[in-house]
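To keep things clear, I will list the structure first and then write my remarks on it.
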Amino acid sequence: MRLLLSGSTARNRNQLQLKLLLVFNFSLTLPTMNDSDVLKAAIVIDPSRVIAPVDSRIYSGFIEHLGRCIYGGIIGSEGSTPDQPNVPLTRSGFREDVLHVIRDELCVPIVRWPGGNFVSSYRWKDGIGPKETRPRRPELAWGGEESNHFGTDEFIEWCRNANVEPYICLNMGTGTLEDALDWLEYCNSTSNTYWASQRRKNGNVEPYRVKYWGLGNEMWGPWQVGQLTAKEYSMKALQWARALKRLDPNITLVSCGETGITAWDYTVLRELIQEVDLHSVHLYTSLGDRDRADGWEYERNVFGPQAAEISLEVVQRLIDLARVESGASSAKNVKIAFDEWGSWDETKGTPQNGLEQRFTLTDALAIASWLNVFIRKADVVKMANYAQAVNVIAPIITSSTGLFKQTIYHPLRLFSTYMRGTSSSLARAISLSVDSPSYHGITLPTWINQLREEGCKYIDASAVVIHDPSDVTKQSIRLAVVNRHKEMAFDVQFTLHVDGSHQLPRRVAIHEVYHVDVGASNSFENPNNVRVVSSEEDWEGVRRFKAHSFSLLIFNVG
């Protein structure tokens, strides 16, 4: 350990103060392993290098009328039938096991609904009133039929059961501005007007006060019913935004972005910068048939989240440019709602099987790297909605008798539990200095390494600091580390800069997700094949991270 003394003059004071900077650099006795089998890396942690508070909304979710997400996942029936599974249900037919995971384990703060592609032909008025009178409709996005047994009132009631805040995406495909205004009135109005009275007639006297409203879903895509050009969408969304805010000035509007790096994003931001509050970005760590011939699917998956980080850097500059070009003092400092993201293998999660993908350890590492991106970009990302919550490319899979948690559940829960603060003590993302060998091979998208000359670091990390509200001298540092190397372990040397008023940590709590096989998955038969192993050990400043593993470290200072 080295002790460094530095002098500084406090503002408005002449006396010299000494600040003790503790930099520790211990060696840990490591398991026997040849040096040739272990790579080296280093991480410098300085809790004073704060990026921004971590917004708890980055742990939000998404449900869509697709496959068994709603029917069989959220409510009890397997498909659009009255048949009920043999699991506990609420009085309204919601699955209690799913509610428990979303509310009590993942602690999801916001859920987006009803889509997704589904929303672009959804008629919300079909989903209110007595269920026996609700019409069945052809479902244009994914095929099949929609029973409308789960509509606006059921969604709001489920949100209250799940202790989540609702986020409604509007139909800008077949829907009209009148439909959107009627929907907002139905949900939020206290007036003695028609749609507010219809809500009361349907048994809900108090307004729902839905805060978040999305201006359409992926209207740029050819798969979207009612696809628009960027200019067409911008003009339409501008009129909708102004009208919706006249009806309820307190709502938060989310513009329909693309991937954050396109002309669509720039056009939409330029036209809507004074009207919207958040701009959406959609991106998946996706694999397809084209990616399997050369055997690099692991690397494409775990390094894919680097594209999200680049997208966020670009879209932030587009927001700045739109604000400058608007020339208006009212131009908002719009932030990002990454309201669809995840790991999706399009050859495993298909429309034919309702996108019921079985995830592997590789996918769990990708999800951990995704979440690292959101922590590192805490100043930009204020909401992120994992797609989706149950059954559909989801962390939990249900059956008629229960559920199991997929590999990706573990990083989602660990981040949601430890990498955010509370109402009394914020979690602040801190900037790390990571010195690690890098990967320079094939990525998806291919432009990742074209734009990152240094490549993708094998050791991917993020960190937060949480201060004890009852004692300002105490703080907890939480560090998320993904070793993305498929075959090599890493010895990581940590340097922690701590103000002299704090004591160095002596113990560290560790939560590790690992399996010898990167293709390992969980199932009903073997639900704990990939799991979290928690331990506590002496903190010596160096730790060995297994190949293809994710670890979350927690140590207290002070």
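The values are calculated or read from the model by the stated rules, or taken from the named source; none is laboratory data. In this text the structure is predicted, and so the values were computed from the model without any measurement. For neighbour counting, all protein chains shown are included, and Cβ atoms are generated from backbone atoms with ideal geometry for every residue, glycine included. Surface areas here come from the heavy atoms of the whole protein model, side chains and all, with no ligands, DNA or RNA. Shrake-Rupley method; radii C 1.70, N 1.55, O 1.52, S 1.80 Å.
Estimated at 0.36 nm per residue, the fully extended path between Thr347 and His440 surpasses their Cα-Cα distance by 30.9 nm. Structural descriptor for the chain: relative contact order 20 percent, calculated from alpha carbon pairs under 8 angstrom and at least 6 residues apart. The gain in end-to-end length when the Trp296 to Glu178 segment is fully stretched comes to 37.5 nm, 0.36 nm per residue minus the alpha carbon separation. Counted as membrane-span-like here are DSSP H helices of the chain whose alpha-carbon atoms extend 18 Å or more along the helix's own axis and whose Kyte-Doolittle mean is 1.0 or above; these are 361-376. Net charge in the neighbourhood of Leu426 (other residues with Cβ under 11 Å of its Cβ; Lys, Arg +1, Asp, Glu -1) is +1. With 27 Å as the limit, the listed pairs Lys348/Lys382; Lys236/Lys382; Lys131/Lys382; Lys236/Lys348; Lys245/Lys382 have Lys348/Lys382; Lys131/Lys382; Lys236/Lys348 beyond it between alpha carbons.
Summary of the geometry: region 440-517 and region 178-194, compared by the centres of their Cα atoms, lie 47 Å apart. Assign one of three labels to region 217-259, namely rounded, prolate or oblate, based on the Cα gyration tensor with a ≥ b ≥ c the square roots of its eigenvalues; rounded applies when a/c is under 1.5, prolate when it is not and a/b is larger than b/c, and oblate otherwise. In terms of gyration-tensor shape, prolate. In the set (i) 28.6; (ii) 30.3; (iii) 26.5, the label that goes with mean projected area of the Cα convex hull in nm² computed for this structure is (i).
For Asp471 and Arg506, the FRET efficiency from 1/(1 + (r/R0)^6), where r spans their Cβ atoms and R0 equals 25 Å, is about 0.90. Ignoring any ligand, DNA or RNA, what whole percent of the accessible area of region 261-380 comes from carbon and sulfur when the probe is 1.4 angstrom? Percent of accessible area from carbon and sulfur atoms in region 261-380: 49. Accessible area per residue (1.4 Å probe, heavy atoms of protein chains only) ranks His100, His440, His410, His497 as His440, His100, His497, His410, with the largest value leading.
Dividing the summed -39500 (n - 2.57) terms of all DSSP H runs of n ≥ 4 by the residue count of the chain sets its mean residue ellipticity at 222 nm at -6500 deg cm²/dmol. In plain terms, the chain from Thr190 to Ser399 could stretch by 71.2 nm, reckoned as 0.36 nm per residue minus the Cα-Cα distance.
Normalising the average separation of contacting C-alpha pairs (under 8 angstrom, six or more residues apart) by the number of residues puts the relative contact order of region 267-418 at 27 percent.
Per residue, the accessible area of the chain comes to 41 Å² when a 1.4 Å probe rolls over the protein heavy atoms. Among the chymotrypsin sites (Phe, Trp or Tyr not before Pro) within region 184-264, those in coil by DSSP and having at most 16 neighbouring Cβ atoms inside 10 Å are Trp223. With each label modelled as a point 7 angstrom along the Cα→C-beta vector, the Ala42-Ser433 pair spans 0.8 nm.
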